[in-house]
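This report refers to the structure that appears directly beneath it.
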């Protein structure tokens with residue numbers, strides 16, 4: 001870990017020094033940002049040299065870490081502002097092209113941002129709320145850094161919008177197409193995904209209970225379920241469209257097929273997770289099958305079931321979007337993506353992708369939150385996973 005930070009400090013220092021020297025002939029703002037980046041990277045290097053691994057929790061180290069994090073935050077934010085400001089200058093009429101100093105500053109700010117995330121990730125607090133805050137702040141900062149790098153490089157290198165639009169262009173299209181995006185979200189997610197997800201996961205769970213109850217079904221139905229899971233979605237989707245029509249029921253049917261088998265397999269594995277001592281204890285209490293199931297085996301299977309639910313939360317969205325490529329009314333995420341790609345409106349395609357990514361992430365996060373609430377007794381939750 002320390003060697004990685006040392007490499008990042010070296011990259012940030014060398015790039016900032018180059019940007020400072022080369023920026024003297026471009027403008028003061030680049031030079032000021034490069035000087036700040038150079039100062040911050042040097043302070044990070046001194047902090048690494050002073051840190052004693054045997055004394056990592058001392059108050060001196062914590063104070064030094066707080067100072068480094070504050071400087072990294074200021075240097076990264078100010079450097080990002082300078083980069084965006086210079087992009088506006090470069091894009092004006094009769095302006096020079098971004099030079100070596102600009103790209104050196106990009107490398108330096110990128111390395112400082114990575115160092116900031118590294119220092120924050122190294123904080124090992126025993127306070128639960130601090131861990132929760134860091135669990136949100138670190139991915140947000142990392143994502144913001146990726147978006148910043150994407151924005152700077154696409155605009156500085158003048159990448160064609162057809163190939164890769166900048167995040168600002170995607171955000172502008174997003175803001176101008178809220179009504180269309182909402183209609184597509186409602187058609188794909190609120191109808192096809194949620195209904196198909198509930199039906200697929202519910203049927204997989206019930207069939208797993210039946211298979212567990214009947215050895216005949218375990219030997220006869222489980223291989224059939226395995227065969228269905230291996231069917232390609234591009235082959236299932238057109239058939240479902242012919243069977244159930246062009247509206248959302250055909251997409252929900254595809255989601256059912258995609259989510260059924262993961263729930264089935266995980267539930268069966270979870271029901272088999274109880275050890276013999278636990279089962280023997282239930283026998284000494286004269287528990288019947290259903291008491292054994294609801295009081296021992298299903299609670300033991302809860303982590304397996306929630307794993308299937310989390311896996312299916314992403315599979316359902318992918319299945320519904322892909323299924324819309326093969327026939328749908330003039331609404332839906334998959335329809336919009338396929339249509340706008342043909343029109344070369346790639347910014348609208350990325351706006352739809354952003355909606356799908358946010359919806360899928362929120363859906364996954366909601367299921368993970370419910371899992372932590374219902375399986376608080378499980379060691380993986382108690383250990384602060």
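The values are calculated or read from the model by the stated rules, or taken from the named source; none is laboratory data. In this text the structure is predicted, and so the values were computed from the model without any measurement. Cβ: placed from backbone, ideal geometry, glycine included. Neighbour counts: every protein chain shown.
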Take residue 137 and tell me if it is crowded, with 20+ Cβ neighbours inside 10 Å and closer than 21 Å to residue 361 by Cα. no
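Restricting attention to the stretch 132-141, does a residue exist that is touching a residue at least 60 places away in the same chain (Cβ under 8 Å), within 20 Å of the chain's Cα centre (by Cα) and either in a helix (DSSP H, G or I) or not assigned by TED's automatic domain parsing to the domain that holds residue 79 (or both)?
First, pick out the residues of the stretch 132-141 that are touching a residue at least 60 places away in the same chain (Cβ under 8 Å): none.
No, that holds for no residue.
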What are the residues in the stretch 165-192 that are more than 26 Å from residue 248 (Cβ to Cβ), in contact (Cβ under 8 Å) with a residue 24 or more places away in the chain and crowded, with 16+ Cβ neighbours inside 10 Å, if any? 165, 169, 170
Of residues in the stretch 235-246 being touching a helix residue (DSSP H, G or I) at 6+ places or on another chain (Cβ under 8 Å) and either surrounded by 15 or more Cβ atoms within 10 Å (Cβ to Cβ) or touching a residue at least 24 places away in the same chain (Cβ under 8 Å) (or both), the one nearest to residue 323 (Cα to Cα): 237
Are any of the residues in the stretch 323-344 at pLDDT 85 or above, more than 25 Å from residue 237 (Cα to Cα) and touching a helix residue (DSSP H, G or I) at 6+ places or on another chain (Cβ under 9 Å)? no
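Condition check ((1) surrounded by 14 or more Cβ atoms within 10 Å (Cβ to Cβ); (2) under 18 Å from the mean Cα position of the chain (by Cα); (3) in the same structural domain as residue 267 (by TED's automatic domain parsing); (4) farther than 18 Å from residue 262 by Cα) across all residues:
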{"residue": "299", "(1), (2), (3), (4)": "yes, no, yes, yes"}
{"residue": "307", "(1), (2), (3), (4)": "yes, yes, yes, no"}
{"residue": "315", "(1), (2), (3), (4)": "yes, yes, yes, no"}
{"residue": "328", "(1), (2), (3), (4)": "yes, no, yes, yes"}
{"residue": "336", "(1), (2), (3), (4)": "yes, no, yes, yes"}
{"residue": "349", "(1), (2), (3), (4)": "yes, no, yes, yes"}
{"residue": "352", "(1), (2), (3), (4)": "yes, yes, yes, yes"}
{"residue": "366", "(1), (2), (3), (4)": "no, yes, yes, yes"}
{"residue": "376", "(1), (2), (3), (4)": "no, no, yes, yes"}
Identify the single condition in (1) modelled with pLDDT of 80 or more; (2) within 21 Å of residue 333 (Cα to Cα); (3) surrounded by fewer than 18 Cβ atoms within 10 Å (Cβ to Cβ) that residue 232 does not satisfy, given that it satisfies every other one. (1)
Name, by its number, the condition in (1) within 30 Å of residue 346 (Cα to Cα); (2) at pLDDT below 90 that does not hold for residue 211. (1)
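Would you mind finding the one in 87, 105, 83, 163 that is within 27 Å of the chain's Cα centre (by Cα), assigned to a helix (DSSP H, G or I) and at pLDDT below 90? Give the derivation first.
Values: 87 fails: within 27 Å of the chain's Cα centre (by Cα); 105 fails: within 27 Å of the chain's Cα centre (by Cα); 163 fails: assigned to a helix (DSSP H, G or I).
Only one candidate qualifies: 83.
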